[in-house]
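Since the structure comes first, as structure tokens, the remarks are kept for the end.
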Amino acid sequence: MTKVKSLADLKKMKDQLQSKVSLREKGDNPDSLVQIKVAMATCGIASGAKTVMEFFIDELEKRSIDAVVTQTGCMGYCYAEPTIEVKLPNQEPVVFGYVNNQKADEIIEKYIKNGELVDGIIPVNYNTIDNK
Amino acid sequence: MAKYKSHLLVCGGTGCMASQSDTIVGTLKSELAKNGLENEVQVIMTGCFGFCEKGPIVKVLPDNTFYTEVKPADAAEIIAEHIVKGRKVNRLLYTDPTNEEHVSDSKHMGFYQKQIRIALRNCGVVDPENIDEYIGREGYQALGMVFEMGAKAAIEELKKSGLRGRGGGGFPTGLKWEFASKNQADQKYVICNADEGDPGAFMDRSILEGDPHTVIEAMTINGFCIGATKGLVYIRAEYPLAIKRLLTALKQAREFGLLGKDILGSGFDFDIEIRYGAGAFVCGEETALIQSMEGDRGEPTVKPPFPAESGYLGKPSNVNNVETYANVPVIFLKGHKWFSSIGTEKSKGTKVFALAGNVNNVGLIEVPMGITLREIIYEIGGGIKGGKKFKAVQTGGPSGGCLTEKHLDTKIDYDNLLASGSMMGSGGMIVLDEDSCMVSVAKFYLEFTVEESCGKCSPCRIGNKRLHELLDRITQGNGTMEDLDRLRNLSEVIKDTSLCGLGQTSPNPVLSTIENFYDEYVEHVKDHKCRAGQCKSLMQHVIDQEACVGCTACVRVCPVNAISGERKQPHFIDSSICINCGACVEKCKFSAINVI
């Protein structure tokens, strides 16, 4: 085990180790972060939702965007799988359909970074108990 | 390296461990492996979440789902439903007692909404057996900062923060450090008091179990500030899990060079040893603690000299308790202004309370100073169990007193509690409902002090014994009005003449219950009645002759054969034989047995 020799060393270590625990800190204040929900029911997984979810986790970290990526159950848009819901802080959530890695990249660059809407939005056609 | 997209945090505090949380961890891991998810979901055992009432707790991140009362058998369902399919397991969610609704995440639980976690910041968040996680949460950075700012500036910072000792006395921590730093000696010591003895208080144990590195870091900071190279943790041998995790943490800190020679290139050497206490309450008093560490009988000594002048082995020593130390790194990381912005004028920061007794949400809570009892009991505690009426709160353990309804809106801090006839103590908070007899409560605490008195000074050794006898007489129904005066006078004498904190505070439960519940004492003496129905000698069981059908169910259940009567005829209880156990009351289907 290498010893920590200075405060600078310690800070470097912290930056490396932070990602291990950052998920937990984010979990504490999800409202101030970009939240992405990936529909991961059987239909979603079969259409490749898992790859898309991993893509989001990796790419958001690489592009230093603070976000929480979670999986959720079937959203009901099985015709348009994989589907994801993106909620920017203080905004209404938006659902995108037919998301593959390429689409995911577009969503990150255009919608998450700049707030520009991209094609493939599915109008939400029901109310949830929360917003009724 | 495995890339985790989700974390499962399982409470590894003593309470949850006792409900098999270690088995839950094992089952969760094997279920994940079965589904091929072991590299995607990480299972971590953390320190106490504080919500012990509903343990074991499993928290799922990042969606912050909070599962309560999880059993090992539920692990498979959590994995299959929540992790694989993404559906929350509703039946394991916390149910709000006021509206019966499921609350899925801890942010929206009343129990957590009013809390600010400083001392407990890492409990339930990090894996206490992995130093990486502590470092990832800015661990040991405060130490580095203190090396850069120098001892004098660091003590100044601590003084400005307004931190006061969390072990009970409430002495300003910065001042204590300054005294120890000014006394010159070839060797000084840093002592951590982890001899948590108040019945019902377990915050120090939880901190050591959930975040041992914070205590190690703070002790090292203290060592640097006062010029001590040795640290000692005096911990009760009854805390095996805390000891194990502390030892692991010490080993890891040494491997990382965060303990030992030339820490962080500062040229400062420091190391920590553990001393085990045999579980005497009085050893939580700092001079008795030092005696015990030196291998002598755990008896307090006269102050002055204070430990800051002549402590362990006659050398200047600084003694703080676990919770106090746990606050220290945060003060340096966030600055004294941030810390002193929380709390009241004279009590800054937060205090951890062990909430127990007749409330719905029993557990460990950390709240800002200045919060009211009402907020603690009704918002965090979720109200009185079974919808009963609130009667009193006992704070400060055997050294504290009772607060009543009129104190519900008092802002809680060191000074207000003292003014109300109780004290902060180490933070035990026992809520009592209308079924509690206040004379019995006072007697219970006295029993504890009588048992734990070290016997060195006579006011405490003999006085408390006599107090207990007086109380016993009253609960038996043999007390007189003169006894009430005697209780008061004797209490004052014990308070004024005892040697150490134990004796000086031991009559508090008696004085505060007499003060606040004088009627109840008088009732016991004059009417031979205990309104709460707790004093067995003052009760009498009688059978209502009209309601009794003579089924003989009570006769069969009576353990002392005190009930007699013909079959199908009304029965009688011989009160000279009856022991008032209440077994017959439970058995009677016709509610024919009354307690008077």
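Just a few scattered comments:
- Region B:394-411 residues that are over 17 Å from B:Glu379 (Cβ atoms), paired with ones that are aromatic (Phe, Trp, Tyr) (beta carbon under 7 Å, 6 or more apart): B:Pro398/B:Tyr445; B:Pro398/B:Phe448
- If only residues of region B:83-98 that are more than 11 Å from every other protein chain (Cβ to nearest Cβ) and outside any helix (DSSP H, G or I) are counted, the one that is farthest from the chain's Cα centre (by Cα) is B:Val89.
- Of the candidates B:His571, B:His528, B:His541, the single residue that is at pLDDT below 90, touching a helix residue (DSSP H, G or I) at 6+ places or on another chain (Cβ under 9 Å), of a type outside the set (Phe, Trp, Tyr) and more than 20 Å from B:Gly479 (Cα to Cα) is B:His541.
- Residue within region A:17-37 that is open to solvent by 70 Å² or more (accessible area, probe 1.4 Å) and modelled with pLDDT of 80 or more present: yes
- Any hit, region B:116-129, residues being at pLDDT 80 or above and assigned to a helix (DSSP H, G or I): no
- Residues in region B:539-561 that are surrounded by 13 or more Cβ atoms within 10 Å (Cβ to Cβ), on the phi < 0 side of the Ramachandran plot and either not aliphatic (A, V, I, L, M) or not in a helix (DSSP H, G or I) (or both): 12 in all.
- Tabulated pairs, region A:102-122, first part of a loop (DSSP other than H, G, I, E, B), second open to solvent by less than 40 Å² (accessible area, probe 1.4 Å) and of a type in the set (Ser, Thr, Tyr), C-beta under 7 angstrom, 6+ apart or interchain: A:Leu117/A:Tyr111; A:Val118/A:Tyr111
- Residues that are away from chain A (no Cβ under 11 Å) and among the charged types (D, E, K, R), drawn from region B:119-151: B:Glu129
- Enumeration of residues in region B:46-58 that are modelled with pLDDT of 90 or more and not β-branched (Val, Ile, Thr): B:Pro56
- Qualifying positions in region B:32-41 - open to solvent by less than 30 Å² (accessible area, probe 1.4 Å) and either modelled with pLDDT of 90 or more or touching a strand residue (DSSP E or B) at 6+ places or on another chain (Cβ under 6 Å) (or both): B:Leu32, B:Val41
- Being in contact with a strand residue (DSSP E or B) (Cβ under 8 Å, 6 or more places away or on another chain), closer than 26 Å to B:Gly197 by Cα and open to solvent by less than 10 Å² (accessible area, probe 1.4 Å) holds for only one residue in B:Gly357, B:Gly363, and it is B:Gly363.
- Residue count, region B:278-290 (criterion: in contact with a helix residue (DSSP H, G or I) (Cβ under 8 Å, 6 or more places away or on another chain) and either buried (at least 23 other Cβ atoms within 10 Å of the Cβ) or part of a helix (DSSP H, G or I) (or both)): 7
- Residues (over 21 Å from the mean Cα position of the chain (by Cα) and in a helix (DSSP H, G or I)) located in region B:99-115: B:Ser106, B:Lys107, B:His108
- If the condition is being open to solvent by less than 10 Å² (accessible area, probe 1.4 Å) and not in a helix (DSSP H, G or I), then region B:13-31 contributes only B:Gly13.
- Count of residues meeting criterion [assigned to a helix (DSSP H, G or I), in contact with a strand residue (DSSP E or B) (Cβ under 9 Å, 6 or more places away or on another chain) and of a type outside the set (Val, Ile, Thr)] in region B:375-397: 5
- Residue check, B:Gly170 without any contact (Cβ under 8 Å) to a residue 60 or more places away in the chain, open to solvent by less than 50 Å² (accessible area, probe 1.4 Å) and either within 14 Å of chain A (Cβ to nearest Cβ) or not aromatic (Phe, Trp, Tyr) (or both): no
- The set of residues in region A:62-88 being farther than 25 Å from B:Lys85 by Cβ, touching a strand residue (DSSP E or B) at 6+ places or on another chain (Cβ under 9 Å) and open to solvent by 50 Å² or more (accessible area, probe 1.4 Å) consists of A:Asp66 alone.
- Some residue of region B:196-213 being touching a Gly at 6+ places or on another chain (Cβ under 6 Å), within 14 Å of chain A (Cβ to nearest Cβ), within 18 Å of B:Phe270 (Cα to Cα) and open to solvent by less than 10 Å² (accessible area, probe 1.4 Å): yes
- Contact annotation: residue pairs with Cβ atoms under 7 Å, 6 or more positions apart or on different chains, pairing a residue in region A:66-84 that is on the phi < 0 side of the Ramachandran plot with a partner that is assigned to a loop (DSSP other than H, G, I, E, B) and aromatic (Phe, Trp, Tyr), are A:Ala80/A:Tyr98; A:Thr83/A:Tyr77.
- Residue check, B:Val125 under 23 Å from B:Leu355 (Cα atoms) and β-branched (Val, Ile, Thr): yes
- When each of B:Val319, B:Val302 is tested for being touching a helix residue (DSSP H, G or I) at 6+ places or on another chain (Cβ under 9 Å), open to solvent by less than 10 Å² (accessible area, probe 1.4 Å) and not in a helix (DSSP H, G or I), the lone residue that passes is B:Val319.
- When B:Ile57, B:Ile116, B:Ile78 are checked against the criterion of being more than 11 Å from chain A (Cβ to nearest Cβ) and touching a Cys at 6+ places or on another chain (Cβ under 6 Å), B:Ile57 stands alone in meeting it.
- Answer residue from region A:1-10, given it is facing chain B (nearest Cβ under 7 Å) and modelled with pLDDT of 75 or more and is most open to solvent (accessible area, probe 1.4 Å) among those: A:Lys5
- Selected residue (only one of B:Asp519, B:Asp527 is open to solvent by 70 Å² or more (accessible area, probe 1.4 Å), closer than 30 Å to B:Glu451 by Cβ and without any contact (Cβ under 8 Å) to a residue 12 or more places away in the chain): B:Asp519
The values are calculated or read from the model by the stated rules, or taken from the named source; none is laboratory data. What you see is a predicted model, and the numbers here were worked out from it, not measured in a lab. Note that each Cβ is placed from the backbone with ideal geometry, even for glycine, and that neighbours are counted across all protein chains shown. Only protein heavy atoms, including side chains, enter the accessible area calculation; ligands, DNA and RNA are left aside. Shrake-Rupley method; radii C 1.70, N 1.55, O 1.52, S 1.80 Å.
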